[in-house]
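S.K.: Quick one: the structure is below, and I'll ask about it shortly.
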Amino acid sequence: MKLDVDVLRYLSREDFRVLTAVEMGMRNHEIVPSVLIDRIASLKHGGTYKVLKNLLKHKLLHHDASKYDGFRLTYLGYDFLAIKTMVNRGVFTAVGRQIGVGKESDIFEVSREDGTIMAMKLHRLGRTSFRAVKSKRDYLRHRNNYNWLYLSRLAALKEYAFMKALEEHGFPVPNSVDCNRHCVVMSLVQGYPLVQVKELQNPEVVFETILGLIIRLAEHGLIHCDFNEFNIMIDDDEKVTMIDFPQMVSVSHRNAQMYFDRDVECIYKFFGKRFKLTFEEQDDNVDASEVDTDESSRPSFSSINKTAGFLDKELAASGFTRKEQDEIERFIEGDIEEDAGDEGEGTEDNGHESELNKTTIKDLGSLQLKEEEPTSSHNKEDRIEVNQQTFEASQSTESESASDGEEECEGENDAQLVKSLTKQRRRAIAAAHRGRKNYASRNSYKDKGGRSSHNSKIQKQLNSW
């Protein structure tokens with residue numbers, strides 16, 4: 001679908017309010033009912049239906065009345081929401097021409113107020129050219145039902161997180177600027193895709209640089225998984241920049257060695273075919289130990305020293321949260337340790353709750369209360385009798401303390417004892433009320449003389465005592 005930003009000028013505040021209402025409704029609806037859209041948008045005098053008609057005319061929404069009257073966002077409507085948010089943030093002020101088209105995204109030029117040109121990448125998963133996302137990408141792990149817009153958002157967030165982390169570690173990647181929904185804004189690379197380059201002054205140097213990037217990524221715990229001539233940019237000075245990161249996986253992935261060997265094979269094959277480079281093939285005639293010591297041999301996954309550090313912490317700091325990481329993929333084995341740590345925290349919390357329960361049971365035991373079913377009628381009578389006995393005991397202690405007024409020390413001790421008994425009584429009553437389960441029926445509002453009135457009578461009796 002062609003991005004026509006001229007329509008964006010004539011959209012009003014109410015139009016974006018309705019678009020946002022449809023987006024919110026699509027969290028739990030494939031087709032959002034029009035009644036729900038009107039309820040979320042909350043426009044006056046039924047203006048929602050007029051706005052829906054206008055948005056439908058500009059193809060920002062899709063109408064579906066097969067089962068019920070409803071709407072869903074199109075990619076163009078999702079583009080407008082992301083662009084509007086970026087403009088409000090001040091990231092850019094103008095959208096230019098389209099400079100790239102891929103099977104998963106479209107790339108456009110954008111400019112700031114000072115004239116700086118940047119690149120805006122809009123992820124568009126679900127095209128007819130690439131629909132096998134669930135089998136080719138690890139964006140979802142345990143989900144069966146999914147939305148293409150949601151998948152595009154996860155892909156954009158993942159790419160932004162990887163780009164920011166790799167930039168901080170000195171890798172030749174574009175500078176990440178901002179991310180919203182399925183839109184990623186980055187610096188514009190001044191160069192050309194390697195697939196468009198016919199000649200190089202130093203093809204051997206470029207070849208060694210690209211292989212060094214693959215090895216360096218593996219040393220930091222990552223594998224590109226799509227490292228070919230289409231995702232490598234090269235400028236006039238033959239400086240290499242790598243792009244396209246949503247499909248990156250960890251070296252602890254079960255297919256990590258296959259992905260690593262495939263990336264290396266793509267580079268060897270392209271440079272051998274395009275620039276006529278010759279390579280020594282020693283895999284069949286030379287032992288593995290000799291191949292590892294030979295510097296001119298092809299790099300292998302097992303010979304790489306993976307101690308340069310993992311990027312999982314940096315990715316989490318870049319906005320790639322744990323919840324979204326679990327929905328896409330468990331990148332490294334450290335996630336299992338984090339899960340174990342969370343379980344440990346859970347056991348500590350349970351231990352804290354058990355201590356609180358023990359203290360509550362101790363308070364109840366001091367008043368000789370026994371735990372019974374909250375719905376039994378004997379439970380209420382026993383509690384009333386226990387509370388009455390406790391109150392009588394407190395009254396007797398008060399009378400004894402009053403009669404022994406000559407001994408000041410004993411009087412003070414008796415007053416403290418009375419206070420402690422009254423506090424224990426109140427705690428026991430509160431704990432008993434807290435432990436009850438309210439099994440309210442659907443017609444509870446009709447039972448005016450039910451449990452609530454009985455509880456009020458008990459409370460009045462306690463207050464009279």
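The values are calculated or read from the model by the stated rules, or taken from the named source; none is laboratory data. Everything numeric in this text was worked out from a predicted model, so none of it was measured. So basically every Cβ, Gly included, is an ideal-geometry build from the backbone, and we count neighbours across all protein chains shown. We work out accessible area using only protein heavy atoms, side chains counted, and drop any ligands, DNA or RNA first. Shrake-Rupley method; radii C 1.70, N 1.55, O 1.52, S 1.80 Å.
S.K.: Region 1-85: Rg/Rh from Cα coordinates, Kirkwood Rh?
M.R.: Ratio value, two decimals: 0.93.
S.K.: Taking a virtual spin label 7 Å from the Cα of Y68 along the C-beta vector, which residues in region 27-56 bring their backbone nitrogen under 18 Å of it?
M.R.: Within reach of a label on Y68: 27-42, 49.
S.K.: Starting from the residue with the highest accessible area, list R426, R262, R89, R72 in decreasing order, probe 1.4 Å.
M.R.: Greatest to least solvent exposure: R426, R89, R262, R72.
S.K.: Past 21 Å, Cα to Cα: identify those pairs from K2/K239; K2/K103; K158/K239; K103/K198, in the order given.
M.R.: Cα-Cα > 21 Å for K2/K239; K158/K239; K103/K198; rest within.
S.K.: Then there's this: What is the list of residues in region 1-15 whose amide nitrogen lies under 20 Å from a point 7 angstrom out from the Cα of R127, following Cα to Cβ?
M.R.: Under cut-off, by backbone N: 1-5.
S.K.: Let me ask something additional. Residue separation times 0.36 nm, minus the C-alpha to C-alpha distance between Q201 and K57: what's the value?
M.R.: Going from the current span to full extension adds 46.5 nm.
S.K.: All other residues with a Cβ under 15 Å from the Cβ of I214 taken together, and with Lys, Arg as +1 and Asp, Glu as -1, what is their net charge?
M.R.: Within the 15 Å Cβ shell, the charges total -3.
S.K.: Output ³J(HN,Hα) for region 29-34: one whole-Hz value per residue in order, computed from phi by the Karplus curve 6.51 cos²θ - 1.76 cosθ + 1.60 with θ = phi - 60°, and x for Gly and Pro.
M.R.: 9, 6, 10, 7, x, 5
S.K.: I've got another one for you. Figure the gain on full extension for S252 and T85 (residue separation times 0.36 nm, minus the Cα-Cα span) and round it to one decimal in nm.
M.R.: 56.4 nm
S.K.: Let me ask something additional. If the chain between R39 and R274 were fully stretched, how many nm would it gain, using 0.36 nm times the residue separation less the Cα-Cα distance?
M.R.: Stretched out fully, the R39 to R274 stretch lengthens by 78.6 nm.
S.K.: Next question, about the same structure. Excluding L52 itself, calculate the net charge of residues whose Cβ lies under 11 Å from the Cβ of L52, where each Lys or Arg counts +1 and each Asp or Glu counts -1.
M.R.: Combined, the nearby Lys, Arg, Asp and Glu give -1.
S.K.: Still on this structure, please answer the following. Calculate one ³J(HN,Hα) per residue across region 93-109 by plugging θ = phi - 60° into the Karplus curve 6.51 cos²θ - 1.76 cosθ + 1.60, and present them in order as whole Hz with x for glycine and proline.
M.R.: Using θ = phi - 60°, the values come out as 10, 8, 10, x, 7, 8, 10, x, 9, x, 6, 10, 7, 10, 10, 10, 8 Hz.
S.K.: Could I have the simple spin-label model distance between K419 and I215, label points 7 Å from Cα toward Cβ, reported in nm to one decimal?
M.R.: Distance between the two pseudo-spin positions: 7.7 nm.
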